[in-house]
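The values are calculated or read from the model by the stated rules, or taken from the named source; none is laboratory data. No experiment lies behind these values; they were computed from the predicted model shown. No Cβ is skipped: glycine too gets one built from the backbone with ideal geometry, and neighbour counts run over all protein chains shown. Each accessible area value is taken on the protein alone, full model and side chains, heavy atoms only, with ligands, DNA and RNA left out. Shrake-Rupley method; radii C 1.70, N 1.55, O 1.52, S 1.80 Å.
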Amino acid sequence: MEKLILDGNKVANAVKERLKERIFKLKEQGVTPSLVTILVGDDPSSATYVRMKGNACARLGIDSQKIHLPAETTTEQLLDAIYGLNEDKNVHGILLQHPVPGHIDERKAFEAIALEKDVDGVTSWGYGQTALGFGIFPSCTPAAIMKILEHYDISVSGKHAVVIGRSPILGKPVSALLLNENATVTTCHSYTKNLPEILKMADIVVAAVGKPNFVKGEWLKEGTVVLDAGYNEGNIGDVDYDSCFEKASAITPVPGGVGPVTISMLLKHTVDSAERTLQI
Ligand code: NAP
């Protein structure tokens, strides 16, 4: 069977290429798309993600500002920072890097982000609208997974998609997006009893577990499409790539799969948001 490696860099480049003209037009009208990332504390992986996002913005001519708050920041101080950005007309997207230190009420902080600037779909309004099928900004990783499927012309309609994970930014919204595209969706989690049997029935598998090499090829049926959202220490996905590659008809590698497309979706949402300010 011919194998298709779903090349995230290729998909991300196509997304970014299409943004260039839109950014140029916005600038002609005096608007520079602008993303603010907020990092609380000194988690090295989070700092790397924030830096990667900033660099990606710079390469496309999107303004990016990083707000780095100390680990001892209180929920109230974080909320104040977010409220200030909500008011700032020059800011089009606000991204609070997850996770924040444990003493902060992360949910409360996410909810403080203005819906029209919630470019990573973290607010309950944003999530709810995505689930109902009219969200403006779905979470970036779920949006990236759908973009990869679209780019490679892999239809999900009528297919059985099994999502492993039900986090608010990944498993749940990607399940909703797949359902909106007429997939039959099973969402699995840590209480799911017979995961390998469920996976045997999957036409499409989305791994969003946060456990390195978790999904084994022997659990999959021949010809499954595998999307690995996992990103664990040492650039390792949630899918055991070699054994899953044997079974899959199409598979995302890690690195170079879902990750780069996620960043390109963040850029796209920031540009979408900037354009919306001109339409009001
Ligand atoms: P998370 O919040 O830790 O959620 C993990 C999910 O996996 C939970 O729903 C959990 O179930 C489920 N799970 C844990 N053990 C399981 C098991 N043995 N069987 C079935 N389900 C199990 O993680 P996340 O934020 O969604 O991230 C998931 C992965 O994606 C991580 O590797 C993360 O690094 C990666 N990620 C990648 C990107 C990207 O751009 N590529 C972006 C964000 C995250 P319960 O709900 O029952 O606990």
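Can you tell me which residue among Asn213, Asn235 is at positive phi and surrounded by fewer than 16 Cβ atoms within 10 Å (Cβ to Cβ)?
One residue alone meets the criteria, Asn235.
Filter the range 186-208 down to the residues that are touching a His at 6+ places or on another chain (Cβ under 8 Å) and open to solvent by 30 Å² or more (accessible area, probe 1.4 Å) and list them by number.
Hits for the range 186-208 are Thr186, Met201, Asp203.
For the range 149-174, what are the residues that are away from the ligand (no atom under 11 Å from the Cβ) and either part of a helix (DSSP H, G or I) or open to solvent by less than 20 Å² (accessible area, probe 1.4 Å) (or both)?
Correct list: Leu149, Glu150, His151, Val156, Ala161.
Identify, by number, the condition in (1) under 30 Å from Val119 (Cβ atoms); (2) open to solvent by 10 Å² or more (accessible area, probe 1.4 Å); (3) not small (Gly, Ala, Ser) that Val226 doesn't meet.
Every listed condition holds for Val226 apart from (2).
Conditions tested, residue by residue: (1) within 22 Å of Val122 (Cβ to Cβ); (2) within 11 Å of the ligand (Cβ to nearest atom); (3) charged (D, E, K, R).
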residue: Ala183; (1), (2), (3): no, no, no
residue: Glu197; (1), (2), (3): no, no, yes
residue: Ser249; (1), (2), (3): no, no, no
residue: Arg276; (1), (2), (3): yes, no, yes
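Consider Val261 carefully, then state whether it is outside any loop (DSSP other than H, G, I, E, B) and within 15 Å of the ligand (Cβ to nearest atom).
So Val261 passes the test.
Could you figure out which of (1) in contact with a helix residue (DSSP H, G or I) (Cβ under 7 Å, 6 or more places away or on another chain); (2) of a type in the set (S, T, N, Q); (3) under 23 Å from Leu115 (Cα atoms); (4) not in a strand (DSSP E or B) isn't true of Gln77?
(1)
Given the criterion without any contact (Cβ under 8 Å) to a residue 24 or more places away in the chain and open to solvent by less than 80 Å² (accessible area, probe 1.4 Å), identify the matching residue among Ala81, Ala58, Ala12.
Just one listed residue meets the conditions, Ala58.
I need a count of the residues in the range 105-148 that are within 16 Å of the ligand (Cβ to nearest atom), open to solvent by 10 Å² or more (accessible area, probe 1.4 Å) and in a loop (DSSP other than H, G, I, E, B).
The total comes to 3.
Among the residues that make up the range 18-34, is at least one of them part of a strand (DSSP E or B) and either out of contact with any Ser or Thr (no Cβ under 6 Å at 6 or more places or on another chain) or more than 21 Å from Val122 (Cα to Cα) (or both)?
Looking for residues that are part of a strand (DSSP E or B) and either out of contact with any Ser or Thr (no Cβ under 6 Å at 6 or more places or on another chain) or more than 21 Å from Val122 (Cα to Cα) (or both), one finds at least one in the range 18-34, hence yes.
Based on this model, can you work out whether Ser46 counts as farther than 25 Å from Pro255 by Cα and either surrounded by 13 or more Cβ atoms within 10 Å (Cβ to Cβ) or not aromatic (Phe, Trp, Tyr) (or both)?
No: the conditions fail for Ser46.
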